[in-house]
Amino acid sequence: MAPRITTLTLNPTIDLACQAEKVHPVRKIRTTDERQDPGGGGVNVARVVQELGGDTEAVILAGGVTGHFLVELLQEIGLPHRAIPIAGRTRISQTVLDRSIGEEFRFVPEGPEVAESEWRAALDALDHLPEGDWLVASGSLPRGVPEDFYARVAAIARKRGLHLVLDSSGPALRAGIGQGVTLIKPSQGEFESLAGRSLREPGALEAAAAEAVRQGAAKLIAVTLGHEGALLASSEGVLRLPALPVTVRGAVGAGDSFVAAMTLALTRGAAPHDAFAWGMAAGAAAVSNAGTAHPTRAEVEGLRQKVQLPARV
């Protein structure tokens, strides 16, 4: 049996999604097709891991009436979870699809302020994970949590013999890299921020990712490029693959779906390039569905067959 994948989400959200004929100012906007999903980086990862048949648990901070609602949503979908109570209210995000132009508008609040005792309780929850398990720390850091939080998570992972996957951005990501991390998955913009420069020239992104692996930022670096595909840097070199051609119906949770499928494949013993292909399939399946991180197992498996890896891989 593959190891369990535990996910950590300090700033989870209730994701509200709907459609409107047209988004415009001042006047009341009538919406349809409303749905509510439990959201936040690690929650999305755990949902997709479970959908793909993996063993998972989502560790979250949750507070207030909205925190209770988040837990209720997790219970409805049968996702194993551990909720650490906080005083602040869990945030609510809103995504509106404007049908007149086919574009999404996403409103994402910063979320509650977290007390030191609360974020330390999250760290304590990680201190009992079995050696050999995988830990996915994903999402933004809420107010009150120190920028070096993911470095502290990495220290626990090293002590516990855990494989750490880190999916964040900015100072939070910078603090966590170089600490024995197995995988990071920044977008191009997030990776450019990490590198401190633009990487738009031909070959610049590949070279920077390869150099980051050599310097020990992470064993594997997957950079997602939206409609241009993704690249993977490892000790074996850099592989870049184009995006799969799918009809885009929503983008919320696509990167998390990528992380979920790639991590699950790695836990099952897949080679990095094969796991990368699974990640690309899940990301494509996610954008093919409305709502937050809703790829189905059948869709992911079908799209995986369409990912063409070079013969040398």
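The values are calculated or read from the model by the stated rules, or taken from the named source; none is laboratory data. Predicted model only: the values in this text are computed from it and were never measured. Glycine also receives a Cβ, built like all others from the backbone with ideal geometry; neighbour counts cover every protein chain displayed.
Computed quantities for the displayed model
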item	result
Selection within segment 188-216 - out of contact with any Leu (no Cβ under 8 Å at 6 or more places or on another chain), under 18 Å from Gly237 (Cα atoms) and of a type outside the set (Asp, Glu)	Pro202, Gly203, Ala204, Ala207, Ala210, Arg214, Gln215, Gly216
Subset of segment 258-277 (residues that are β-branched (Val, Ile, Thr) and either in a loop (DSSP other than H, G, I, E, B) or crowded, with 24+ Cβ neighbours inside 10 Å (or both))	Val259, Thr263
Total residues in segment 228-240, condition surrounded by fewer than 21 Cβ atoms within 10 Å (Cβ to Cβ) and assigned to a strand (DSSP E or B)	5
Pairs with Cβ under 8 Å, 6+ apart, first in segment 157-175 and under 18 Å from Thr224 (Cα atoms) and in contact (Cβ under 8 Å) with a residue 12 or more places away in the chain, second in a helix (DSSP H, G or I) and among the hydrophobic types (A, V, I, L, M, F, W, C)	Val165/Val259; Leu166/Val153; Leu166/Ala154; Leu166/Leu173; Asp167/Val45; Asp167/Val259; Leu173/Leu194; Arg174/Leu194
Pairs, first closer than 16 Å to Thr13 by Cα and among the polar types (S, T, N, Q) in segment 104-117, second modelled with pLDDT under 95 and exposed (fewer than 10 other Cβ atoms within 10 Å of the Cβ), C-beta under 8 Å, six or more apart	none
Any hit, segment 99-111, residues being within 27 Å of Ile5 (Cα to Cα), β-branched (Val, Ile, Thr) and in contact with a helix residue (DSSP H, G or I) (Cβ under 9 Å, 6 or more places away or on another chain)	no
Helices (runs of 4 or more DSSP H) (entirely within segment 150-227) containing at least 2 residues that are surrounded by fewer than 22 Cβ atoms within 10 Å (Cβ to Cβ) and modelled with pLDDT under 95	170-176, 188-195
Those residues of segment 35-48 which are of a type outside the set (Asp, Glu) and either part of a helix (DSSP H, G or I) or under 20 Å from the mean Cα position of the chain (by Cα) (or both), in sequence order	Gln36, Pro38, Gly39, Gly40, Gly41, Gly42, Val43, Asn44, Val45, Ala46, Arg47, Val48
Segment 224-251, residues that are out of contact with any helix residue (DSSP H, G or I) (no Cβ under 8 Å at 6 or more places or on another chain) and more than 20 Å from Phe191 (Cβ to Cβ)	Pro245, Thr247
Within segment 2-12, tally of residues that are within 18 Å of the chain's Cα centre (by Cα) and outside any strand (DSSP E or B)	4
Where a residue in segment 267-289 is touching a residue at least 40 places away in the same chain (Cβ under 8 Å) and under 17 Å from Leu241 (Cα atoms) and its partner, wherever it lies, is among the polar types (S, T, N, Q) and part of a helix (DSSP H, G or I), with Cβ under 7 Å and at least six apart	Ala282/Ser257; Gly283/Ser257
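For (1) in contact with a strand residue (DSSP E or B) (Cβ under 6 Å, 6 or more places away or on another chain); (2) assigned to a strand (DSSP E or B); (3) surrounded by 24 or more Cβ atoms within 10 Å (Cβ to Cβ), each residue gets a yes or a no:
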position: Ile14; (1), (2), (3): yes, yes, no
position: Cys18; (1), (2), (3): yes, yes, no
position: Pro25; (1), (2), (3): no, no, no
position: Asp33; (1), (2), (3): yes, yes, no
position: Gln50; (1), (2), (3): yes, no, no
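Conditions tested, residue by residue: (1) among the β-branched types (Val, Ile, Thr); (2) out of contact with any Asp or Glu (no Cβ under 9 Å at 6 or more places or on another chain).
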residue: Ala260; (1), (2): no, no
residue: Ala265; (1), (2): no, no
residue: Gly269; (1), (2): no, yes
residue: Val300; (1), (2): yes, no
residue: Gln308; (1), (2): no, yes
